[in-house]
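Written below as structure tokens is the structure these notes are about.
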Amino acid sequence: MVLEEEIWFSSEEEAQECARIFKGLNVSVHIRTKVDLDNRVIYKAPYTALKGVLEEEISWIQEENQEDGDEITQVFQDLITDLSEDRGLLEKTFSEHNPGDHIGIKVFDVLINDGVIPDTEESMDAFLKEATLTRILELNNLLDLDEQGMILSNTISPDDAVMSFFGDDIPPLREESLKKWNIIRSLEAKDTFSFIVTTGPDVVFLEELTDLEDFFERIEYDENTNLFFINLQVKQVLVAEILSIIQNEGHRSKDELITDFMHRTLPIEDEKLHIGLHLSPGYIEGVLSDLKKIGILKGKDSKLKIVIS
């Protein structure tokens, strides 16, 4: 159905709330769940090895005068800087805490106790640093857990701490360098759930959008909100024009309507704004089919009429 609309959510609760709003507006709707695998290559090794392989790659690029060498070198250098900052964070933690101390209070509160995500730049920066530290400690089996939070179980030399970075964040590393520095390459797979709210074609007759606008604003949904409202407006204008032509002429054939709307400009907002339509025959045929399915049009393809209630 070409007149239906899809809105994707990562939260099942938000998808259900969106569906309830559509149902309250007398729009047919259903939710389906889609599960995907997110696969990413991760490089893992002690800090000194990761730093070493990146520095070796930089030296090789400079010696070979490789194309785009400056850009690639900068990517590697930025990653070395990030790893160095992580090492410094680890060293600072080991100097300030002893085994048995509780750490990562903010991360524990958010992840375990359903705490509030930081809402200021300063607090978010502190939270992200703590999350980075937690990830490194977990990677090195240096964390224990109790009811009060995460516990530093041991300390090691920061240079020996295993760290990691994603392979898709950087240009490819040469195989000989990876083997020389004993870099572990791992394919990490994670399942991701999407909850898709799908409306029926009757959504094109929706006039009151305030509840939907308020809902999207409240959940700060940005990904496809504007696209949904733009698509809806275009479809509403298209359907209104099709029905107007059929009503004025009494009937119209499918082929005539396809010709009418393959290339057509329609005014909206008192002709201050126009919509230029460049639609395929298959799309227009789909619109007409949807309008017949929901009982707006009837008749054979050679003589389509509006159903009079």
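The values are calculated or read from the model by the stated rules, or taken from the named source; none is laboratory data. Since the structure is predicted, the reported quantities are computational estimates derived from the model, not experimental observations. Cβ placement follows ideal geometry from the backbone for every residue including glycine, while neighbour counts extend to all protein chains displayed.
Odds and ends about this structure:
- Looking only at the range 118-155, residues that are in contact (Cβ under 8 Å) with a residue 60 or more places away in the chain and within 29 Å of residue 75 (Cα to Cα) come to 1 in all.
- Condition broken by residue 171, with the remaining ones in (1) over 30 Å from residue 71 (Cα atoms); (2) out of contact with any Lys or Arg (no Cβ under 9 Å at 6 or more places or on another chain); (3) surrounded by fewer than 18 Cβ atoms within 10 Å (Cβ to Cβ); (4) not aromatic (Phe, Trp, Tyr) satisfied: (1)
So that you can scan it fast, the table gives a plain yes or no per residue for (1) of a type in the set (Lys, Arg); (2) in contact with an Asp or Glu (Cβ under 9 Å, 6 or more places away or on another chain); (3) without any contact (Cβ under 8 Å) to a residue 40 or more places away in the chain:
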{"position": "24", "(1), (2), (3)": "no, yes, no"}
{"position": "31", "(1), (2), (3)": "no, yes, no"}
{"position": "37", "(1), (2), (3)": "no, yes, no"}
{"position": "52", "(1), (2), (3)": "no, no, no"}
{"position": "60", "(1), (2), (3)": "no, no, no"}
{"position": "65", "(1), (2), (3)": "no, no, yes"}
{"position": "69", "(1), (2), (3)": "no, no, yes"}
{"position": "74", "(1), (2), (3)": "no, no, yes"}
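- For the range 179-212, residues that are more than 28 Å from the chain's Cα centre (by Cα) and surrounded by fewer than 12 Cβ atoms within 10 Å (Cβ to Cβ) total 3.
- Lone qualifier among 192, 199 - being polar (S, T, N, Q) and more than 26 Å from residue 133 (Cβ to Cβ): 199
- Odd one out for residue 43, checked against (1) hydroxyl-bearing (Ser, Thr, Tyr); (2) assigned to a helix (DSSP H, G or I); (3) within 28 Å of the chain's Cα centre (by Cα): (2)
- When the range 214-241 is filtered for residues that are out of contact with any strand residue (DSSP E or B) (no Cβ under 8 Å at 6 or more places or on another chain), under 30 Å from residue 300 (Cβ atoms) and surrounded by 17 or more Cβ atoms within 10 Å (Cβ to Cβ), the ones remaining, listed by number, are 232, 235, 236, 239.
- Among (1) at pLDDT below 95; (2) part of a helix (DSSP H, G or I); (3) surrounded by 13 or more Cβ atoms within 10 Å (Cβ to Cβ) - the single one residue 1 does not satisfy: (2)
- Scan of the range 175-190 for residues that are touching an Asp or Glu at 6+ places or on another chain (Cβ under 8 Å), modelled with pLDDT of 95 or more and among the charged types (D, E, K, R), ordered by number: 180
- Positions within the range 297-309 being part of a strand (DSSP E or B) and aliphatic (A, V, I, L, M), in sequence order: 297, 304, 306
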